[in-house]
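The values are calculated or read from the model by the stated rules, or taken from the named source; none is laboratory data. Only a predicted model underlies this, so the values are computations on that prediction, with no experimental measurement involved. Methodologically, a virtual Cβ is constructed for each residue, glycine included, from the backbone with ideal geometry; neighbour enumeration extends over all protein chains shown.
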Amino acid sequence: MWAPRTLLALALSPAFSPYVAGQMAPVLTVVPQPTVKVSKTGTATITLKASLPTGYHANTNKPTEEYLIPMTLKWTGGPLQMESIEYPKGGLEKYPFSDKPLSVVTGEFSITTKFKVPAGAQTGPGAQVGTLRYQACDNKACYPPKNVPVNVTVHIE
Amino acid sequence: MNSVNNPPTKLVRTAGRMALALIVSVGLGTVACAPQEPPRKAVKDDKDRKPAPEFELKDASGKVVKLADYKGKVVLLDFWATWCGPCAIEIPWFVEFQRKYKDQGFEVLGISMDDDGWKAVTPFVTAKKINYRVVQGNDATGDLYGGVEALPTTFVIDREGRIASVHIGLSSRKDFEDAIEQLLQPAGVGSPNAAGPGAKPGL
């Protein structure tokens, strides 16, 4: 009779995977932002808080290898004018599939964008919209790049 | 020290030897009677294999490539992308498999899942000296194979066009090679599951 350990090993064997494929990409979660209030002559900061499930990592904005897809945040519309983006620094981690440590983020992280109010901006509410693009992996596999829509309510006073 | 002149010492030695023999025999018995883990199978049993879904995709020259083109061959079908680190580990193995087993009726077929298409793939193919055909895949191709999300995902397909093993994520070179060698064997050689009664080795 086979020991439970043997049965477990068989169940985990790739050749006997119960599914053909179907291992799903990890979902990066962006915490909804509260309304950002800014004066007509002022500046604003939007800090996006995001997280990846345990066991997954995503490349930082400055990956250590040329072939890796960097994390990028693109603001595509809204009443504010972007000045700078500060990406998470992440950390250097070693994985079985890379000779060198990779620059990655794991768990919770933040991306901070500084804006200014352009001259002639109208007062009132508006939506600052953009896309956070990331590409994640775990210890053994990588997942296609994903785009997460970002939408932050802005109120120019 | 003379044991004849020291009976207690002889007794102790004899007892020690008996104890040692007992320990050894119990140990061997334990090993012999322990449930043995069966050797890990490289491929699914013949009855459990399902047909590999057919597809038509284009290679870098624009030529349409169909899975049916590979009928009668053992095929290693690799879903990969240029941005995938684990894929880059496996690809040199596949280059070597292509060289080593091609004459025995084996082919590697790479399906790139890069959104950027040949602009990204062609330089990679050149840099890695890929010696097998690569086609451009898409989500629909992945869906045909159960929704390929994790890369690499590699299917080893038998001569009858059935999926004999699936490898999700970075696998071991030995796992691939064991599967290929088993599937390349003529029917009835090696494993009773290597091919069914309808197998047509050599085609």
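Remarks
- Test result for residue B:44, under 24 Å from residue B:182 (Cα atoms) and more than 12 Å from every other protein chain (Cβ to nearest Cβ): no
Matching residues to (1) within 14 Å of chain B (Cβ to nearest Cβ); (2) modelled with pLDDT of 95 or more; (3) exposed (fewer than 14 other Cβ atoms within 10 Å of the Cβ); (4) in contact with an Asp or Glu (Cβ under 9 Å, 6 or more places away or on another chain):
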{"residue": "A:104", "(1), (2), (3), (4)": "yes, yes, no, yes"}
{"residue": "A:112", "(1), (2), (3), (4)": "no, yes, no, yes"}
{"residue": "A:116", "(1), (2), (3), (4)": "no, yes, no, yes"}
{"residue": "A:121", "(1), (2), (3), (4)": "no, no, no, no"}
{"residue": "A:124", "(1), (2), (3), (4)": "no, yes, yes, yes"}
{"residue": "A:133", "(1), (2), (3), (4)": "yes, yes, no, no"}
{"residue": "A:136", "(1), (2), (3), (4)": "yes, yes, no, no"}
{"residue": "A:143", "(1), (2), (3), (4)": "yes, yes, no, yes"}
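- Residues in segment B:42-92 that are among the β-branched types (Val, Ile, Thr), under 22 Å from the mean Cα position of the chain (by Cα) and assigned to a strand (DSSP E or B): B:74, B:75.
- Search result, residues across segment B:103-141 that are in a strand (DSSP E or B) and of a type outside the set (S, T, N, Q): B:106, B:107, B:108, B:109, B:110, B:111, B:133, B:134, B:135
- The criterion of at least 1 residues that are acidic (Asp, Glu) is met by the following strands (runs of 3 or more DSSP E) wholly inside segment A:44-157: A:81-86, A:91-93, A:108-116.
- Scanning segment A:57-71 for residues that are surrounded by 17 or more Cβ atoms within 10 Å (Cβ to Cβ), more than 12 Å from chain B (Cβ to nearest Cβ) and over 16 Å from residue A:108 (Cβ atoms) yields a count of 1.
- Those residues of segment B:70-96 which are surrounded by fewer than 20 Cβ atoms within 10 Å (Cβ to Cβ) and touching a Leu at 6+ places or on another chain (Cβ under 8 Å), in sequence order: B:71, B:72, B:89
- Filter result for the condition that a residue is at pLDDT 95 or above and within 12 Å of another protein chain (Cβ to nearest Cβ), over B:68, B:88: B:88
- Test: residue in segment B:94-102 that is touching a residue at least 24 places away in the same chain (Cβ under 8 Å), touching a helix residue (DSSP H, G or I) at 6+ places or on another chain (Cβ under 7 Å) and assigned to a loop (DSSP other than H, G, I, E, B): no
- In summary, residue A:60 fulfils each of the numbered conditions (1) within 26 Å of residue B:123 (Cα to Cα); (2) without any contact (Cβ under 8 Å) to a residue 40 or more places away in the chain; (3) of a type outside the set (A, V, I, L, M, F, W, C) with the single exception of condition (2).
- Verdict on residue B:161 being buried (at least 18 other Cβ atoms within 10 Å of the Cβ) and either within 12 Å of chain A (Cβ to nearest Cβ) or over 12 Å from the mean Cα position of the chain (by Cα) (or both): yes
- Subset of segment B:164-189 [under 23 Å from residue B:137 (Cα atoms) and more than 9 Å from chain A (Cβ to nearest Cβ)]: B:176
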